[in-house]
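Asks: What follows is a single structure, and I will ask about it in a moment.
The values are calculated or read from the model by the stated rules, or taken from the named source; none is laboratory data. This is a predicted model, so every value here is computed, not measured. Accessible surface areas use protein heavy atoms only, side chains included; no ligands, DNA or RNA. Shrake-Rupley method; radii C 1.70, N 1.55, O 1.52, S 1.80 Å.
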Amino acid sequence: MMLGALRRKVASGGSSASVLGKSFQAIRPGVSASRVSSNAGKEVLLLQPRGIANVRNFSHLVLPASAAGLTRTRDVISSIQSEAIMQKSCRAFSSGDGDLVDAVVPFMGESISDGTLATFLKKPGDRVAADEPIAQIETDKVTIDVVSPQDGVLQEYVAKEGDTVEPGTKIAVISKSAEGVAPAEKKSEKAASKPSPVETVAKVEAAPAAKPKAPSPPPPKQTATEPVLPPKERERRVPMTRLRKRVATRLKDSQNTFAMLTTFNEVDMTNLMKLRSDYKDAFVEKHGVKLGFMSGFVKAAVSALQHQPIVNAVIDGDDIIYRDYIDISIAVGTPKGLVVPVIRDAEKMNFAEIEKTINSLAKKANDGTISIDEMAGGSFTISNGGVYGSLLSTPIINPPQSAILGMHSIVSRPMVVGGNVVPRPMMYIALTYDHRLIDGREAVFFLRRIKDVVEDPRRLLLDV
């Protein structure tokens, strides 16, 4: 009916633009309009993006004699549609005024596809600075921080602790304005916690109607043969962290894959301790790092690996891979689990370089800032359980390696030296090796070489 009235009005000589304008305003009074001049000198009424549908429906009425005006109208409508679509697609990433920005999970490494949102470091309403950590992602190997992209106020978290997230996943929303959201949250919490009068009256009226609970039956008497178990209320069940699950999987795979055997020896630490005591002050003054026992054992392990290269090799299918480099992995226990950073090209380092590298990697491991590249690889592992007081142990091989050296605590024990019984600081050392690849002869010679170098460090200078 409306279309017929419009056709009759146009046929009677009225301005098509004015007819359209009046019709549009009659249909959509709140729609804002703009005018675009056509080549024929006529005016064509166009709508803003929210009126595009109406323009599309009535565009065939625009001055049949003006083809240029129709073409210009279609061009303008097309540009308005593109702009509207572009504005709509941007709303998924920020607010209309660009005040909100998203904090997303960063790239976590080549071999890591996802992680677990372990903990939130900030609360909604807290002010955060650019690149300040707001959450931590726990992966199979390392803990990664999610940082704020800009200065502002943490508005909300869109993920929960324990969620599995991938790189690029949205974690939180940051407001660049100075106003936070904490006061509003507090008001909503107070409003939710304060019950309405109607609810209070309903609860009071419903209380007398509640039936008294029946007395619970007495617990069954235990027989003499029935075991007494602790109540479930005294137990706690917590999920394993991703790092702990990864360590458990790798250690079990190691046990199922390798034919592990452990051989032992003991080392007299007298000469190494005397060397450390004589030169510790000069060493710190020159190199800026303390002289410890780990550098001596790393040098001894390098010498033993050079004398027995089969210990530095690994089985790959039906082949043996001999490594012409020595990368020593150092097992470091952290509050979150065991990590194994690697000393690269240890055969090219001196005592000071080894000590500096160990201190740097151990600090990063305890702080949770160690990278995946710093733990990848390794051809041989040293584990020092002596720092925790371990007297003797059988360490487990760290795949894909073939052997691991275990150090233990230093204990003064009576030893026979030159026919006399004297107290000496002694340490048990253990070598666990893959018996598929390494025979007992090579393993014993390897451990004997470590004992000889530690007991007489001058062998390193003379290469004997």
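Asks: Hey, how many Å between the Cα centroid of region 351-393 and the Cα centroid of region 404-464?
Replies: 21
Asks: Still on this model: Pairs to check: 280/451; 252/348; 170/232; 160/356. Give those whose C-alpha atoms are more than 29 Å from each other in this structure. Before the final figure, lay out each step's value.
Replies: On the way: 280/451 22 Å; 252/348 34 Å; 170/232 38 Å; 160/356 40 Å.
The answer is 252/348; 170/232; 160/356.
Asks: Out of the total accessible area of region 303-451 (probe 1.4 Å, heavy atoms of protein only), what percent is carbon and sulfur?
Replies: After summing per-atom areas, the C and S share lands at 55 percent.
Asks: Ok, one more. Considering only protein heavy atoms, what per residue accessible area in square angstrom results for region 259-461 with a 1.4 angstrom probe?
Replies: I get 49 Å² per residue for this part.
Asks: Of the heavy-atom accessible surface of region 113-175 (probe 1.4 angstrom), what whole percent is carbon and sulfur? Working shown, then result.
Replies: Working: 1190 of 2830 Å².
Taking all protein chains in place, region 113-175 shows 42 percent carbon and sulfur surface.
Asks: Can you pull the Kirkwood radius for region 259-461, inverse mean 1/r over Cα pairs, to one decimal in Å?
Replies: Mean inverse Cα-Cα distance, inverted, gives 17.5 Å.
Asks: Using the heavy atoms of the protein chains alone and a 1.4 angstrom probe, what is the accessible area of region 113-175 per residue in square angstrom?
Replies: Numbers: 2830 Å² over 63 residues.
In whole numbers, region 113-175 has 45 Å² accessible per residue.
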